[in-house]
Amino acid sequence: MQQSGPYPTTVTFLILMIACSHVGDVEKGQQYFDMMTQGYSFSPEKERLSSYIDLLGRHEFVEEAYESLEKMPNDPGVCAWGSLLAACRLQGYLDVGLATSQKLFELDTLLYYQTCFRKLKDGWMHLLSKGSCDIWELIRATCGLYRKGKKMFY
């Protein structure tokens, strides 16, 4: 593509990162992300960032994905943090999962009344609830959401 002349768009990079994620080529996906952000100076939009986090998380680079989100100058958004939470659950990274759930709960406080967020919130809370009871109690306590005798999530 670079040799034939068409200028890639952010959608081009999104497709390339998704393809790399599904075939397991993390190194190539990271190259495309770097090319997008540094070579073409595209700022990583939330959709592209979510795909990049998914790429890292699916292939056990969960801690690197967390560090990438923490270093972002702009808010990475609920989708990126949700992708990381799904990866934590899939790969068994409890510590990173707790920190990620804390970020999601903070975003929930900030964005609770936005309609599209309510739909996303249900999805990541469902991910959290699929853990064992002990882990779920720990997550609720960590996030300060445990209330005496009240069920927080259904």
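Quick note: the coordinates plus some simple rules give every number you see, no bench work behind them. These numbers were taken from a predicted model, which means no experiment stands behind them. Note: ideal-geometry Cβ built from the backbone for every residue, glycine included; neighbour counts use all protein chains shown.
For the stretch 85-107, the candidate set comprises residues that are part of a helix (DSSP H, G or I) and hydroxyl-bearing (S, T, Y); within that set, the residue that is nearest to D75 (Cα to Cα) is T100. Summed over the stretch 29-47, residues that are over 15 Å from P73 (Cα atoms), in contact with a Leu (Cβ under 9 Å, 6 or more places away or on another chain) and not hydrophobic (A, V, I, L, M, F, W, C) total 4. D54 fulfils the conditions (1) surrounded by 15 or more Cβ atoms within 10 Å (Cβ to Cβ); (2) acidic (D, E); (3) more than 27 Å from F105 (Cα to Cα) except for a single criterion, (3). For the stretch 74-95, how many residues are closer than 23 Å to T12 by Cβ, free of Cβ contacts under 8 Å to residues at least 40 places away in the same chain and not small (G, A, S)? Going through the stretch 74-95 one residue at a time, the tally reaches 2.
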